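One structure below.
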Amino acid sequence: MNFMPMRVVLDTNVVFEGLTKQTGVCGLIIDAWRAGLITVCVSTSLMLEYEDVLSRKLAEPRWQTARRILKRLFMQHTRFVDIAFSWRPTSPDPGDDHVIDCAWNGSAVLVTSNIRDFAHARRKLGLKVLTPVELLNTLANLNLSDTLIN
């Protein structure tokens, strides 16, 4: 049996927290990304958001390792998604609509610490939205140890 990594879209808050608080739940998500257990889907607009937000927040020299990890992750375990369809407005925060578009067009699960802003997309589009803890529980339930041994 071949293992297929789970496709996810990580909200910027999850990526930032995972890179800066490596011992927390979001840090474990970054570890899962590094191990190839998840494939992170990004669109052009989401990639630009990551670059804008993370370059500002990780500008200090102490975050040099986090920046290096992020660059490697984008090169190895990331899938770029073309946005063929857009449903706007879908979020009460218009800045989140491109995240919804990426998850929907990438057939991916959206992972965020702020599920309230994505509740409408969940109901209206049937978009699967998980908290970081729910993602880790899902990965644990996939029985990955048996799959990876074979």
If you scan region 99-134, which residues turn out to be farther than 20 Å from LEU19 by Cβ, surrounded by 15 or more Cβ atoms within 10 Å (Cβ to Cβ) and polar (S, T, N, Q)? ASN105
From ARG67, ARG72, ARG34, ARG7, grab the single residue that is among the charged types (D, E, K, R) and either within 24 Å of ASP101 (Cβ to Cβ) or in contact with a helix residue (DSSP H, G or I) (Cβ under 6 Å, 6 or more places away or on another chain) (or both). ARG7
Of everything in region 1-37 that's crowded, with 22+ Cβ neighbours inside 10 Å and of a type outside the set (Val, Ile, Thr), which residue is nearest to the chain's Cα centre (by Cα)? LEU10
Being β-branched (Val, Ile, Thr), exposed (fewer than 15 other Cβ atoms within 10 Å of the Cβ) and either out of contact with any strand residue (DSSP E or B) (no Cβ under 8 Å at 6 or more places or on another chain) or not in a helix (DSSP H, G or I) (or both) narrows it down to one residue among VAL53, VAL40; which is it? VAL53
Unique residue being within 14 Å of ASN13 (Cβ to Cβ) and either at pLDDT 95 or above or of a type in the set (Asp, Glu) (or both) when the list is LEU58, LEU46, LEU135: LEU135
Within region 64-102, the residues that are in contact with a Lys or Arg (Cβ under 8 Å, 6 or more places away or on another chain), within 22 Å of ASP31 (Cα to Cα) and of a type in the set (A, V, I, L, M, F, W, C) are ILE69, LEU73
Does ARG88 satisfy the criteria of being surrounded by fewer than 21 Cβ atoms within 10 Å (Cβ to Cβ) and in a loop (DSSP other than H, G, I, E, B)? yes
Region 36-81, residues that are among the small types (Gly, Ala, Ser) and under 18 Å from VAL109 (Cα atoms): GLY36, SER43, SER45
So LEU127 passes all but one of these: (1) among the hydrophobic types (A, V, I, L, M, F, W, C); (2) assigned to a helix (DSSP H, G or I); (3) touching a helix residue (DSSP H, G or I) at 6+ places or on another chain (Cβ under 6 Å). Which condition number does it fail? (2)
Only one of these conditions is not met by ALA59: (1) part of a loop (DSSP other than H, G, I, E, B); (2) surrounded by 13 or more Cβ atoms within 10 Å (Cβ to Cβ). Which number is it? (2)
So, in region 97-111, of the ones that are touching a residue at least 60 places away in the same chain (Cβ under 8 Å) and in a helix (DSSP H, G or I), which residue ends up nearest to LEU127 (Cα to Cα)? ALA103
Mind checking whether some residue in region 20-27 is over 30 Å from LEU125 (Cα atoms) and in a helix (DSSP H, G or I)? yes
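The values are calculated or read from the model by the stated rules, or taken from the named source; none is laboratory data. Remember, predicted model here, so these are calculated numbers, not experimental data. Neighbour counts are summed over all protein chains in view; Cβ atoms, including those assigned to glycine, are modelled from backbone coordinates with ideal geometry.
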